[in-house]
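Engineer: I'd like to ask some things about the structure below.
Throughout, read-outs are computed from the coordinates displayed, never taken from laboratory work. For clarity, every value in this text was computed on a predicted model and none was experimentally measured. All Cβ positions, glycine included, derive from the backbone under ideal geometry; neighbour counts span all protein chains shown.
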Amino acid sequence: MRLHLGGHLNYFDALQRANLEIELVGKQRLEDVLARLRIPAGEIFLVSINGVVVALEDAWIQPGDHVQLYPPMGGG
Amino acid sequence: MGSKNLKAVAVRDSGRYGDLANDAVSLSEIGRQVAKQVKEHPISRDLNDKGTPGLVGGLNAGGMLPTYNFRAGAFDQVDEIKWEAYEKHFLTARRSCYACAIRCKREIAFDERQTPSAYGGPEYESLAAFGSNCCISDLNAIVKANEPCNLYTLDTISTGMTIAFAMECFEHGLIGLKDTDGIDLSFGNAEAMLQIIKKIAHREGIGNILAEGSRSAARVIGGEAVSFTIEVKGQELSMHDPRGKVSVGLGFAISEIGADHLVSFHDTMFTNPDSVSFKGARPLGITEALPARDLSEKKVMHYFIGENWSSFEKASGFCYFGPAPRSFIQVEDVLKIVNAATGWDVYLIDLLEIGERATNLARIFNLREGFTPQDDRLPERIFMPSEAGTLAGLGIDHAEFNHAMRDLYTLKDWNWETGIPSRQRLSELDIAWASDLMLH
């Protein structure tokens, strides 16, 4: 699974990566994966799985998925 | 400035900033804390690392990246204009305005079009205005477009939006090759965009019409051209689609200078109560998370608080990227800074009142100049469904928006029919004298 941590979310990753390749075994809840990575759910505004926006609490992922996460976005 | 034949404003310094502060010791101490926080806070780190170009990807994913003259909210070639491409091909340095620790300014260099770095790299607004909104994915051309705009002091948002307007007129046959000196102004034509910018700057041919902005140009072109103008009070919308962040639409509509995305907070900041942004807004009275497309009375209150806070920031000289909730300097620290610098003993409510005073004075100025509540509107296109992206099929509901505007007038104590601020509110803000100005 390819994971993109958009905006300032990469600072929560231990290695501050914006793009990660994660090996998954079967279908998993995205919230569980993020908890293992210590990405705070409270900082997520938008979840896109394979280009489709879904609610974090409803998000399940599987091998091969492309997941993009973005934090709250202000103006600029 | 040009219309007033004003060439420059000179400022003579009268001493070191720190020496002028009422409590220089406290101010220095807060300054040290802030300088430490700027390196640790995720938002200020992100502004330093990516700058505003980092917004392209998220707004596209959320369906809020203005595309095809605001007909859509997602651009199918977005990867070509995202931060990752920008950083890889153009970025040479991260710089700042004077003494700023955030350093969100981008510097760029590249040889292909011989763009000198002195003009800086494009901000998010310029990337979207010349890029997705004109359906242009050639990042070389977008970066190049930034240069003549800065050289000739053309606003990149209005310039990009006016070109997108002209492209839509061209698409519908309202203007043709004979009007453009043979330039094919189709959406997506990067070379045409660059040629038109030069014509605008030098007021050559169709550039002389477009140099007045899209509203004026539509009057000259005629026909259905007016329906392709995406502006408020003559100022083109900046690169945030209100269909996805509706209270930004309230700001576009009511701002005294026309569509401006920095007159309040963005709805997307307060959808998650555990986010850094939301926590940063709590001291201001924003205590309930709301969906980004919510236009309830509570959202209007969020907008009103944000408008007063943002107006205070401008009145006091804070950059929008300094204080919370948009950025990292906590609201309580902003208050300490103000008190230490001025010697005042004020509270947060007083700072919000400073902001409200400024918007009321600007309102009175506009009323004197002939503006009416009918000018506090959004372009019709924003009420129509977005054609692509996450928000495809969604527009703002007319009745709901009008209701929210009415709620906002009530909060401000402005008359719904006339737009005039109540004398009582002006008195409470210590500017009752200003109401007489409306008579002249």
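Engineer: What pairs from B:50/B:412; B:4/B:233; B:233/B:412; B:7/B:199 go past 25 Å between their alpha carbons?
Structural biologist: Cα-Cα > 25 Å for B:50/B:412; rest within.
Engineer: OK, next. Per residue of A:4-17, what is the mean number of Cβ atoms on other protein chains within 10 angstrom of that residue's Cβ? Could the numbers behind the result be given before it?
Structural biologist: Values: counts 3, 0, 10, 9, 11, 3, 5, 7, 1, 0, 0, 0, 2, 0.
Shielding by partners across A:4-17 averages 4.
Engineer: Within 11 Å, Cβ to Cβ, of residue B:195, how many net charges do the neighbouring residues add up to if Lys/Arg are +1 and Asp/Glu are -1?
Structural biologist: Local charge sum for residue B:195: -2.
Engineer: Follow-up. With angles folded into 0 to 90 degrees, how steeply does helix B:348-368 sit against the dominant principal axis of chain B? Use alpha carbons for both and round to 10.
Structural biologist: Approximately 50 degrees, to the nearest 10.
Engineer: At 222 nm, what helix-only mean residue ellipticity would chain B give, in deg cm²/dmol to the nearest 500, using -39500 (n - 2.57) for each DSSP H run of four or more?
Structural biologist: Computed ellipticity for chain B at 222 nm equals -13000 deg cm²/dmol.
Engineer: Follow-up question, since we're still on this one. Rounded if a/c is under 1.5, else prolate if a/b beats b/c, else oblate: with a ≥ b ≥ c from the C-alpha gyration tensor eigenvalues square-rooted, which is the stretch A:27-70?
Structural biologist: Verdict is oblate for the stretch A:27-70.
Engineer: Here's something else I'd like to know. So, in nm, how far is label residue B:415 from label residue B:296 when the simple model puts each one 7 Å beyond its Cα toward the Cβ?
Structural biologist: Simple spin-label model gives 3.3 nm for this pair.
Engineer: Order B:408-415, A:42-49 from most to least packed using the mean count of other Cβ atoms within 10 Å. Let's see the in-between values first.
Structural biologist: On the way: B:408-415: 17.8, A:42-49: 21.8.
Ranking, from highest mean packing down: A:42-49, B:408-415.
Engineer: Work through the residues other than residue B:172 whose Cβ is under 15 Å from its Cβ and net out their charges, Lys, Arg +1 and Asp, Glu -1.
Structural biologist: Taking every other residue near residue B:172 into account, the sum is -3.
Engineer: Indicate the gyration tensor shape class of the protein assembly as shown (rounded, prolate or oblate), computed on the Cα atoms with a ≥ b ≥ c the square roots of the eigenvalues: a/c under 1.5 is rounded; otherwise a/b larger than b/c is prolate and the rest oblate.
Structural biologist: rounded
Engineer: Peptide B:49-57: average number of partner chain Cβ atoms within 10 Å per residue? Spell out each step's value before the answer.
Structural biologist: Working: counts 5, 5, 1, 2, 1, 7, 7, 1, 8.
For peptide B:49-57, the averaged partner shielding equals 4.
Engineer: Related question: Just to confirm the number: angle between the C-alpha axis of helix B:297-316 and the first principal axis of chain B, 0 to 90 degrees, nearest 10?
Structural biologist: 80
Engineer: Something else about it: Summarise the partner chain shielding of A:38-48 as one whole number: the mean count of Cβ atoms from other chains within 10 Å of each residue's Cβ.
Structural biologist: Averaged over the peptide's residues, the number is 5.
Engineer: Another question, if that's okay. For chain A, give me the percentage of DSSP beta bridges that are antiparallel, rounded to the nearest 5 percent.
Structural biologist: Of those bridges, close to 75 percent are antiparallel.
Engineer: So for chain B: antiparallel DSSP bridges make up what percent, rounded to the nearest 5?
Structural biologist: 80
Engineer: If you place +1 on the Cβ of every Lys and Arg, -1 on the Cβ of every Asp and Glu, and leave all else neutral, what size is the dipole of chain B about its Cα centre, to the nearest 20 Debye?
Structural biologist: Rounded to the nearest 20 debye, it is 780 debye.
Engineer: Oh, and also: Find me the longest stretch of chain B that has none of the exposed GluC sites (Glu not before Pro), where exposed means in a DSSP loop (not H, G, I, E or B) with at most 16 other Cβ atoms within 10 Å. Intermediate results must be reported in sequence, preceding the final value.
Structural biologist: Numbers: sites that count: B:40, B:112, B:204, B:212, B:288, B:369, B:387, B:417.
Within chain B, the longest run free of exposed GluC sites (Glu not before Pro) spans B:113-203.
Engineer: I'd like the distance between the alpha-carbon centres of the stretch B:29-90 and the stretch B:234-262, rounded to an integer number of Å.
Structural biologist: The distance from the Cα centre of the stretch B:29-90 to that of the stretch B:234-262 comes to 19 Å.
Engineer: Sticking with this one: Of all beta bridges DSSP finds with both residues in the protein assembly as shown, what is the antiparallel percent, to the nearest 5?
Structural biologist: Percentage antiparallel, nearest 5: 80.
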